[in-house]
1. Can you confirm whether segment 30-39 contains a residue that is without any contact (Cβ under 8 Å) to a residue 60 or more places away in the chain, part of a loop (DSSP other than H, G, I, E, B) and crowded, with 17+ Cβ neighbours inside 10 Å?
2. Condition test on residue 105, is it surrounded by 14 or more Cβ atoms within 10 Å (Cβ to Cβ), more than 16 Å from the chain's Cα centre (by Cα) and at negative phi?
3. Quick check: is even one residue across segment 81-93 within 15 Å of the chain's Cα centre (by Cα) and buried (at least 18 other Cβ atoms within 10 Å of the Cβ)?
4. For segment 43-71, how many residues are closer than 14 Å to residue 16 by Cα, crowded, with 16+ Cβ neighbours inside 10 Å and among the small types (Gly, Ala, Ser)?
5. Exactly one condition in (1) touching a strand residue (DSSP E or B) at 6+ places or on another chain (Cβ under 7 Å); (2) closer than 29 Å to residue 116 by Cα is not met by residue 53; state its number.
6. Take the conditions in contact with a helix residue (DSSP H, G or I) (Cβ under 7 Å, 6 or more places away or on another chain), among the hydroxyl-bearing types (Ser, Thr, Tyr) and in a helix (DSSP H, G or I) and apply them to residue 7. Does it pass?
Amino acid sequence: MKRNQSSEDYLEAILLLSEELENVHQIEVARKLGVSQPAVQKALKILKSNGYIDIDGLHIHLTETGKKYAGSVYHRHCTIRQFFIMLGVNGDDADSDACEFEHCVSDATFEAIEKFIKQKT
């Protein structure tokens, strides 16, 4: 599957918000990502057409496919963040850099990072 940073960022945001809130709304997604509501509307339309979300009135819900994809993105983020911290990067920079790196790292490189972390912990 070709990775799409924007879609992955939205899916990850919806996943994290759904863990905090009973119902996720466009405004919360906009605030979390620091984007406009029209940008969120456009992204949600794409995510819905790809089968990653359902929209029930004002509520946004991840589909099973969306949950799986969002979960894998978040796992990549957390793993890469942990790797950067192991290298001595401070938590804020590690988190910020992981947000970028998670979208472009190959599966082979990611697997090597996971293997490295498992060996060191």
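Read-outs throughout are calculated quantities, based only on the coordinates presented, and are distinct from any laboratory measurement. Bear in mind the structure is a predicted one, so any value in this text is a computation, not a measurement. Please note: Cβ atoms are built from the backbone with ideal geometry, for glycine as well, and neighbour counts cover all protein chains shown.
1. Looking through segment 30-39, at least one residue is without any contact (Cβ under 8 Å) to a residue 60 or more places away in the chain, part of a loop (DSSP other than H, G, I, E, B) and crowded, with 17+ Cβ neighbours inside 10 Å.
2. Taking the combined requirement at face value, the residue does not satisfy it.
3. yes
4. 2
5. (2)
6. For residue 7, the condition - in contact with a helix residue (DSSP H, G or I) (Cβ under 7 Å, 6 or more places away or on another chain), among the hydroxyl-bearing types (Ser, Thr, Tyr) and in a helix (DSSP H, G or I) - is met.
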